[in-house]
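Here is the structure we will look at, set down as structure tokens.
The values are calculated or read from the model by the stated rules, or taken from the named source; none is laboratory data. Values in this document were obtained by computation on a predicted structure and should not be read as measured data. Please note: Cβ atoms are built from the backbone with ideal geometry, for glycine as well, and neighbour counts cover all protein chains shown.
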Amino acid sequence: MRAAREFTMLRRKPRKIVLESGLYLWRVHHRHAASGCSEVFSAFAARRERTNLRIVFPETTEHGSGFPRQAGVVVDYSAPSWSLNLNLPSAARLLIELALSGGWDADCGREHVIDNGYLFLRERRTSLNMFGS
């Protein structure tokens, strides 16, 4: 039996963002896999040649993506519900800074994957104003 292939829809070249910690490149894409669809935020330090931060926002009954109408928009239906437009530089800044503060080392050559971006953000809700807390 053949393994199901993952299909990724990359539409843009990586975008640049300058943070206090350095220059980063980032992109957002939609991914189709046997396990379902997801929006994926990817980033890497500009001095590195490959993506080493990947935050996956899987589509489930509790979480949704805006694809295809609002590609890059993720929605968490859990109370308190919230949405985030991953296409915005402010979202890229938020995700990169949270990943850095959570232990991501942009200079190491290993990939750092966060399998559930919703849970990742929910666990940090006290430091975010997007939840209205």
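So here's what we get for this one:
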| item | result |
| --- | --- |
| Residue that is surrounded by the fewest Cβ atoms within 10 Å (Cβ to Cβ) [pool: residues in the stretch 31-56 that are of a type in the set (Lys, Arg) and at pLDDT below 80] | 50 |
| Any chance residue 60 is surrounded by fewer than 20 Cβ atoms within 10 Å (Cβ to Cβ), part of a strand (DSSP E or B), modelled with pLDDT under 80 and not aromatic (Phe, Trp, Tyr) | no |
